[in-house]
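Worksheet for the structure shown next.
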Amino acid sequence: MRMLRWFCGHTRRDRVRNEVIRDRVGVAPIEEKLTQHRLRWFGHVQRRPPEAPVRNGVFERVDNVKRGRGRPKLTWDESVKRDLKDWNISKKIALDRSAWRLAINVPEP
C-alpha cells in the first residue's frame, strides 16, 4: 500500500482509503490475490508425485498431539478447501496446468 500511495501522490496523513487508492491504480483486492497464490501453490503440490518431499511435508500431520483450548487454528488444508468451495473449483482441474491457471486467475481491474 505504501508504494501505491506513493504512485498516487498521497500520504497516510491525507486519510485516503485503501480501496480508493487500489481502484485508482487498478490493483485487484488483496484477499483475492492471496487466495490465488494459495491455490497456485496447491496446484503445484497436486501435480507432484506422491513420494515428492513437498507433498509429504505439506500433507503430513501428527494427529496424536493434544491441542490447546479454544478455537482450533485454521490449517492450510482447511483454507484451501474453503477457497475451492468459494471459487467453485474442483481439485481434479489442478492436474491440468493450463486449465488450473485459467481457473484461479484474478484479473486486474
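Numerical summary
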read-out: Spacing of the two label points (7 Å from each Cα toward its C-beta) at Arg97 and Ser79, in nm; value: 2.5 nm
read-out: Choice from Asp14, Asp86, Asp77 showing the highest fluctuation, given a GNM over the chain with Cα pairs closer than 10 Å; value: Asp14
read-out: 222 nm mean residue ellipticity, helices alone, for the chain (DSSP H n ≥ 4; -39,500 (n - 2.57); rounded to 500); value: -16000 deg cm²/dmol
read-out: Cα centre as origin, Lys/Arg/Asp/Glu Cβ charges: the chain dipole, Debye; value: 420 debye
read-out: Using alpha-carbon coordinates, inclination of helix 76-87 to the longest axis of the chain, degrees; value: 60 degrees
read-out: Ranking of Ser98, Ser79 by count of other Cβ atoms within 10 Å, fewest first; value: Ser98, Ser79
read-out: Dipole-positive endmost among Met3, Gln46, Pro29 within the chain (Cβ charges, Cα centre); value: Met3
read-out: Cross-link partners of Lys73 among aspartates and glutamates (Cα-Cα below 17 Å; sequence separation of 8 or more within a chain); value: Glu60, Asp63, Asp83
read-out: Simple spin-label estimate for Glu108 and Glu51 in nanometres, 7 Å along Cα-Cβ; value: 4.3 nm
read-out: Fewest-first sequence of His10, His37 by Cβ atoms within 10 Å of each Cβ; value: His37, His10
read-out: Förster radius 30 Å - calculated FRET efficiency between Arg13 and Lys33, Cβ distance, rounded to 0.05; value: 0.65
read-out: Calculated SAXS-style log₁₀ I(q)/I(0) at q = 0.13, 0.25 Å⁻¹ - segment 1-61, Debye, Cα scatterers; value: -0.54, -0.99
read-out: Whole-number percent relative contact order across the chain, with pairs defined as alpha carbons under 8 Å at least 6 apart; value: 36 percent
read-out: For the chain, projected area of the alpha-carbon convex hull averaged over all directions, nm²; value: 10.4 nm²
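Read-outs: derived from the displayed coordinates by stated rules, not from any lab. Note that this is a predicted model, so its numbers are computed, not measured. Every residue, glycine as well, gets a Cβ built from its backbone with ideal geometry; the counts of neighbours run over all protein chains shown.
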